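Worksheet: the structure to be examined is printed underneath.
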Amino acid sequence: MLEKIFDFTRTVKGKTKKYRRIFKVLDKKEKTALIVLSGCALISFVFLCFNFYTQHTENAPAFGGEYIEGIKGQPRFINPVYAVNDVDRDLLELLFSGLMKYDNQGKIVSDLVQDYKIKEDGKIYEFTLKKNIVWSDKQKFSVDDIIFTVKTIQNSDYKSPLRANWLGVETEKLSDETIRFVLKKPYIGFLERLTLKILPKHIWQDILPDNFARSPYNLQPVTCGQFKLKGFLQDKFGLIESLTIERDPNYFGKKPWLSEITFIFFENEEDIIKPAKQNKIKGFSLLSSQNYEDIVQDFSCLSFVLPRYFAVFLNINEQKILNQLEIREALNYATDKQEIIEKVLSGKGMAVNSPVLPKIYGYESPSEIYEYNLEMANKILEDAGFIKNDTGIREKIVDKDPSFQFKSRLDIGSQSKEVTELQKCLAEQAIVGSDIYPDGEASGYFGKKTRAAVIRFQEKYKQDVLDPYGLSQGTGVVGKSTRKKLNELCFPKNSEIQKLEFALITVQDPVLKQVGEILKQQWAKAGVNLSIQAYPISELQYDYIKPRNYEMLLFGEVLGIVPDPYPFWHSLQRNDPGLNLSLFANSAGDKLLEQARKELDLEARKEKYEEFQNILIKQAPCVFLYSPDYIYFMSQEIKGIEPGLIVDPSKRFAQVENWYIKTHRVWK
C-alpha cells in the first residue's frame, strides 16, 4: 500500500513539472492567452454551478427576524373578558387562542378544537380539543378553562361587555377534552361567538370580581397563542411605550417564522408618520386618507375588506317631516357615494346599497338601488310641494289642524267638553263687542242661557249659518253650519312653513366630519340645508344614541362574518340597547329576520335576507353610504401577508404564522 502511495506521488510531481515546463516554452502573449482562457474556464464553471443551484433551489421562509409596528392607543386589558379597544384586540389575536378562529379570507375554522358536531338543528354544539395544548407557563389546557371563561363572562359581577352574547348558553364538561354547548334556540352565528379567546382558570380562578379588572395579569398575561409576552417599557407616567412578544416554542399549532413582534404606542396618527419615514417601524395603519401622501415609498399599501358600513340613519320619530317617504327617497338620490369614497377614502372602499352587503356575503343585489340622480331628487321634492325660497332652501306651506273642533250636534240638555268649549267660544265673541253671551259661564251644560247665546250667534252670522237653509231666525241648535262658523272663528286652521332643514350628528372624527361636510354640499344642490355637530364617542353614545335624541345620525355598523341584521333592523331593537338606529319597523321584515337567524341551510337563509333587504330599501329608513377598506402599510421586507376579508382590524394577524423576514435557499 505504501509503495502505491509513493508511486502516485512521484507521478503527480512528474506531471506538475511537465505543466511548469509549458510556461518555459510559451512566449509572453501565449502565456497571457493561456491565463485568460483558464480564467474564463474557471468563471464559466462557477457560473454554471451557480446557475444550476439557482434553477434547482428557491427562496423559502426561515425562522428569525423582528417585526415592529406603530400603533395608536394604549393596551389596557390583554384579557378576553374585557378587551374592547383595538390595541387590546390586536394583542389578544397574537397571544391567545379560541375554539374557532378566522382565516385570512374571513372563514371560520378550527383553532383549539380537533373536530366538532352540531346537533338538534343547531341547539347543541360538541367540541373535542386538540391534544398536548399547554399555556405559556406550561400548565395543561383543558375544558375547565373554557367553562371558566364563559361563566366569568356570564356572571354580571365581572361586568364583561361580552355578557349579552353569552346569556342563555349552557356549558357541559363531557371529559377533559370534550365540551358541549346547549342553546335555548338555534343561532346561525354561534360558531363565530366561539372565536372568543380563552382564559387560564388556574391563574384567574382565585381573583375576586372586584379585583378582576385591576389584576396585573391584565398586562402580564399567561397565554396560549403563537406568541407569549416578553416584556414592555413604561414612561415615567406609567404609560406603556412599547411591548414585545416572542414566539412561544410550546404553541400547539404551526410555529410562526418571526421571532418577535414589538408594538410601539403613539398618541395619534400624525406621530406615527415620522418614525415610519425613518424606517424605525415596519408596519402601521391609518384611518385618515389625508396622511397617505406622506408615506415613504418603502411601504406596501395593503387593503383588507371589512364587513361594516356607514350610513345616515334617519330618526322618523324625532323629525316628523322624515315620515314622508318622498323626502327619504330624495335624500338618497341626492347622495353621490362615489364622490365621498374618492375624496374621503382615496378610493379605498365600496359603495353600499344594502345592510346585508351583497358584495361581501355573495348575495344578490337589491331589486331597487338609489343611484345618484340629482335631477330625480329635485323632481321628487317639487312634486311633494317643496319649492326653493330665495336662499335656495326648499320649503312648503302646510295647514295644521287645530287641536279642537266642534263635531257633535249640541242642543238643550247636552253636557260635554264640547259644550264647555262652545260656551268659551261664545264668551270670546262677547269680548269683541258683541252681547252674544254676556254671562260667559263655562259650565259644560247646555241650558237656556247657552241656547239664547247660540241664537244670537246664528243671527249675527245669518248669511253663513241661516241663509243656506232659508231660515230667518236662529234655532238655538248647534248644527253643521253653526259648527263650521264656530270652528272658523274660535279654532281656525293654522299654517306652518316646513323647511328642509336637518341637524346631523356624528362622532368627533376627522373622517366622519369630512363625510358630513360633503353631504352638506351635495344635499344643498337639492335644496336641503344640513347643520353638522360632532361629539366625542362617549358623549354621543350616552346623550344621543341611547335616548335616540337626534334627527340624523352619521354612524357605522359592524357586522360579523356570519351576517345577522336582526340587532340592527328588527323592531324590538328600536330602543337601547338595541341597534336599530332608524327606529325601522316592519312586521314582514321582522318575520324574515327571525327566521333567517335560525336557518342552518345557507341557500334558504340567503333568500330570506335578500327578501328582507328589498323590503327595507323600499322604505328608505337611512341613506347607505360606503364600506371602507382597512388600509395597512407594511415594509416591503415583510413577506407572506395576504390581504383578504377580515371581521375587524385585529384579524390582519389571522395568518401571522406565514409572515417572514429571513429566507434561505432550499432544493425544489
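Taking packing as the residue-averaged number of other Cβ atoms within 10 angstrom, the listed peptides 408-417, 642-651, 450-459 run from highest to lowest as 450-459, 642-651, 408-417. Unpaired Cys in the chain, meaning no second Cys C-beta under 4.7 Å: CYS40, CYS49, CYS224, CYS301, CYS622. Each peptide among 319-328, 605-614 gets the average number of other Cβ atoms lying within 10 Å of its residues, and from highest to lowest they stand as 605-614, 319-328. Each of PHE63 and ILE455 was given a label point 7 Å from its Cα along the Cα-to-Cβ line. The distance between the two points is 11.4 nm. This ranking places HIS570, HIS56 by how few other beta-carbon atoms lie within 10 Å of each, fewest first, which gives HIS56, HIS570.
Treating r as the C-beta distance of ASN165 and GLN473 and R0 as 56 Å, the FRET efficiency rounds to 0.10.
When the helix-only estimate is applied to the chain (DSSP H runs of n ≥ 4, each -39,500 (n - 2.57), divided by the residue count), what is the mean residue ellipticity at 222 nm, nearest 500 deg cm²/dmol? Provide the component values of the computation, followed by the final result.
On the way: 21 runs with 221 residues, N = 668.
Roughly -10000 deg cm²/dmol at 222 nm, from the helical runs in the chain.
Summary of the geometry: the range 184-260 and the range 501-538, compared by the centres of their Cα atoms, lie 39 Å apart. The calculated FRET efficiency for the pair TYR217 and LYS525, based on their C-beta separation and a Förster distance of 60 Å, comes to about 0.60. Computed over the chain, relative contact order equals 21 percent, with contacts defined as Cα pairs under 8 Å that lie 6+ residues apart. Of the options [x] 317; [y] 349; [z] 449, only one is volume of the Cα convex hull per residue in Å³ as computed from these coordinates, and that is [x]. When the charge dipole of the chain is built from unit charges on Cβ atoms (+1 for Lys and Arg, -1 for Asp and Glu) and taken about the Cα centre, the candidate among ALA585, PRO61, CYS40 whose Cα reaches farthest toward its positive end is CYS40. Cβ-to-Cβ counts within 10 Å put CYS301, CYS622 in ascending order as CYS301, CYS622, the fewest first.
Checking the a/c ratio against 1.5 first, then a/b against b/c, what shape does the Cα gyration tensor give for the range 596-649? Please list the in-between numbers first.
Details: a/c = 4.85, a/b = 1.87, b/c = 2.60.
It is oblate, given that a/c is not under 1.5 and a/b is not larger than b/c.
Computed log10 I(q)/I(0) for the range 88-161 at 0.11 Å⁻¹: -0.36, from the Debye equation with unit scatterers placed on every C-alpha and solvent omitted.
Of all lysines in the structure, the ones whose alpha carbon falls short of 21 Å from that of LYS499, not counting any fewer than 8 places away in one chain, are LYS320, LYS379, LYS388, LYS396, LYS400, LYS520, LYS525.
Put a plus charge on the Cβ of each Lys and Arg, a minus charge on the Cβ of each Asp and Glu, and nothing anywhere else: the dipole of the chain about its Cα centre is then about 2860 debye.
FYI, it's all coordinate maths here, none of it is from the lab. Bear in mind the structure is a predicted one, so any value in this text is a computation, not a measurement. No Cβ is skipped: glycine too gets one built from the backbone with ideal geometry, and neighbour counts run over all protein chains shown.
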